[in-house]
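A short write-up of the structure that comes next.
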Ligand code: NAD
């Protein structure tokens, strides 16, 4: 890979909407050629890690203001996860970017075939509000590692974090190569249509469809990291106490507002009571008896509370739809009761919509085949979790369920493994990232075939003799 830095063209005129200016600036930086150098890429990633370390207090404060997120949670879920992704990419990007030499078929010889990953150009990165640092900057790691420039559009529902990113990114990173634009749907739509080379979107399937529709008009490729209802299957052979504790922990994390949170549980009838008792005990202990959970805003709280009516199931924990606030001191805000609903109607809104909040439906099943059929009859989930000590159950989940990812005997932890691709399938997403998978998603694998001018036999040119067909 060339380390040459081409001369930058004259700066583009700074007229137009903020989106136009951001895209033009990122395009000019890309066209300068400097992002192709591996040294530039590593420098940018190191600068991103410095940003996360030095501006930790500023980012933690913004996450508290937006989401009521405690400092430890902010560090674990947003800051350290992003830094780990960056360190991993910085270490391996030279290997991922290496040119490869291939063999060629006899009919093409003599020739040398090579290919190498090339950057795509300007990548638009559209973030959600639930982990607004990690889910905006981890895709940026992939974009920078692959030698692209980027325009970030953080979520308008995490405004303090969006503003912090707007201040910090130009201070630490190449300010032409990575630009930040604020805004909501209108600005995002403008960005998608503004001549970018790739759209990396994280958000809901409904908005993902709108993003893809707009991108289709200009044949702009998309990566869609979406959501859905990720099931957890607990069979009769499972360590039920461990299953309940792990599901409780990860459902409570960010009050269930996590794309890979366990959305609902399918538990074997024989261990259902034991699971419910252990889940309740674990959740009560983790919450110190306080079931009111802080969610992002009142609009979201009202939506989640709305799922608690007309479900036809039995409420076995929580269920108070009058809860309006949660959290203490500076972290207080709109709240929803941590709620468990046993055997809701499978056709209710609670079982059709992604919950994205602290509500756990638990459905009893008589066999693992029934559990697998239940999941398979619904849109493909982003993740599926299975707690079992029976190999046949684990194999049935692995072989029969089409799902973005699988974790056995835990939930969600595949997200933290940069060696594993992360992404959905069907309605839960398109494409994957993390580690080299993100590098590949934002690279073009470009072949080059080099032919010598000799030999140049006349029999390869028309008109052909009849005997040529048999060669
Ligand atoms: P969202 O889809 O409402 O918003 C995401 C982004 O899209 C925001 O930046 C928003 O400004 C923009 N947007 C909103 N309407 C738009 C429109 N009409 N056109 C273009 N852009 C538009 O998602 P959210 O509420 O921020 O996040 C929750 C959803 O995201 C859940 O479904 C969750 O499962 C999913 N999610 C997925 C992942 C993943 O990695 N797969 C991670 C986090 C969240």
Test: residue in segment 405-427 that is surrounded by fewer than 19 Cβ atoms within 10 Å (Cβ to Cβ), farther than 30 Å from residue 352 by Cα and under 16 Å from the mean Cα position of the chain (by Cα) = yes
Output the residue which, of all residues in segment 279-299 that are assigned to a helix (DSSP H, G or I) and within 28 Å of the chain's Cα centre (by Cα), is surrounded by the most Cβ atoms within 10 Å (Cβ to Cβ).
-> 279
Only one of (1) assigned to a helix (DSSP H, G or I); (2) surrounded by fewer than 21 Cβ atoms within 10 Å (Cβ to Cβ) is not met by residue 115, so which one is it?
-> (1)
All helices (runs of 4 or more DSSP H) inside segment 367-471 with 1 or more residues being in the same structural domain as residue 110 (by the TED database) = 435-441
List pairs: first in segment 195-206 and within 16 Å of residue 184 (Cα to Cα), second away from the ligand (no atom under 11 Å from the Cβ), Cβ under 6 Å, 6+ apart or cross-chain?
-> 199/220; 199/222; 200/123
Hey, does segment 141-154 have a residue that's part of a loop (DSSP other than H, G, I, E, B), within 16 Å of the ligand (Cβ to nearest atom) and within 20 Å of the chain's Cα centre (by Cα)?
-> yes
With respect to residue 124, is the statement that it is under 18 Å from residue 52 (Cβ atoms), within 13 Å of the ligand (Cβ to nearest atom), touching a helix residue (DSSP H, G or I) at 6+ places or on another chain (Cβ under 8 Å) and touching a residue at least 24 places away in the same chain (Cβ under 8 Å) true?
-> no
Does segment 353-369 hold any residues that are farther than 17 Å from residue 258 by Cβ and touching a residue at least 40 places away in the same chain (Cβ under 8 Å), and which are they?
-> 362, 363, 364, 365, 366, 367, 368
Could you tell me whether residue 272 is surrounded by fewer than 16 Cβ atoms within 10 Å (Cβ to Cβ), outside any loop (DSSP other than H, G, I, E, B) and over 28 Å from the mean Cα position of the chain (by Cα)?
-> no
Could you identify the single residue in 184, 203 that is buried (at least 21 other Cβ atoms within 10 Å of the Cβ) and near the ligand (Cβ under 7 Å from one of its atoms)?
-> 203
Test: residue 225 is more than 16 Å from the chain's Cα centre (by Cα), near the ligand (Cβ under 10 Å from one of its atoms) and touching a residue at least 12 places away in the same chain (Cβ under 8 Å) = no
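The values are calculated or read from the model by the stated rules, or taken from the named source; none is laboratory data. In this text, all values refer to a predicted model and were calculated from it rather than measured experimentally. Ideal geometry is used to build each Cβ from the backbone, glycine not excepted, and the neighbour counts take in all protein chains shown.
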